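Since every read-out is calculated from the coordinates, none of them should be taken as a lab result. Given the structure is predicted, the values throughout are model-derived calculations rather than measurements. We place every Cβ from the backbone using ideal geometry, glycine too, and count neighbours over all the protein chains shown.
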Amino acid sequence: MIGALRHKIVLLDASRDSDEAGGASLSWAPGAEIWASVERLASTRDFAGDRENRLKRIAVTIRFSANVSLGQRLTFEGETYETVSIESDDGRDRRLTLICEEVLS
């Protein structure tokens, strides 16, 4: 497993910024750099109005971390992804597999 963790990813930390109207917006800043195994998956479709987009998907396997959550973002090879699923692939919480979809700006 150690040799398989050959890709560096960067977890992004969210911060909520309040505005004058009582609302808030999220901003993302680089956080921890960690080693991971990254596998490209089949893309998915996303419909925005009349336009269809193809979203890239990846499966990221990392050592167990309690700091990873659904909706968390990460960067890999200059692209930003959002975590849509978290699975413990060994049943003993030693490794996590994050299923992530590309975030379109």
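3J(HN,Hα) along region 32-46, derived from phi through the Karplus expression 6.51 cos²θ - 1.76 cosθ + 1.60 where θ = phi - 60°, amounts to 5, 9, 9, 8, 8, 9, 10, 10, 7, 10, 5, 6, 10, 9, 9 Hz, with x in place of Gly and Pro.
Take every Cα pair under 8 Å whose residues are at least 6 apart in sequence, average their separation, divide by the length of the chain, and the relative contact order is 23 percent. Highest mobility in the GNM of the chain, judged by mean-square fluctuation with C-alpha springs under 10 Å and restricted to Ala59, Ala36, Ala14, is found for Ala14. In the chain, excluding the sites themselves, the longest stretch lacking any of the GluC sites (Glu not before Pro) that are in a DSSP loop with at most 16 other Cβ atoms within 10 Å is 21-76.
Electrostatic bookkeeping for Arg54 treats Lys and Arg as +1 and Asp and Glu as -1; over the other residues with beta carbon under 12 Å from its beta carbon, the sum is 0.
Of the chymotrypsin sites (Phe, Trp or Tyr not before Pro) in region 14-105, the ones in a loop by DSSP (not H, G, I, E or B) with at most 14 other beta carbons within 10 Å are Phe64.
3J(HN,Hα) couplings calculated from phi for region 20-28 with the Karplus curve 6.51 cos²θ - 1.76 cosθ + 1.60 (θ = phi - 60°) are, in sequence order, 5, 8, x, x, 8, 10, 9, 10, 10 Hz; Gly and Pro show x. Each other residue within a Cβ distance under 9 Å of Arg40 adds +1 if Lys or Arg and -1 if Asp or Glu, for a net charge of +1. For Gln72, the residues whose modelled amide H falls within less than 5 Å of its own, excluding neighbours fewer than 5 places apart on the same chain, are Thr83. P(r) tail for region 4-51: Cα pairs beyond 12 Å make up 77% of the total. Taken over the chain, the alpha-carbon convex hull comes to 124 cubic angstrom per residue.
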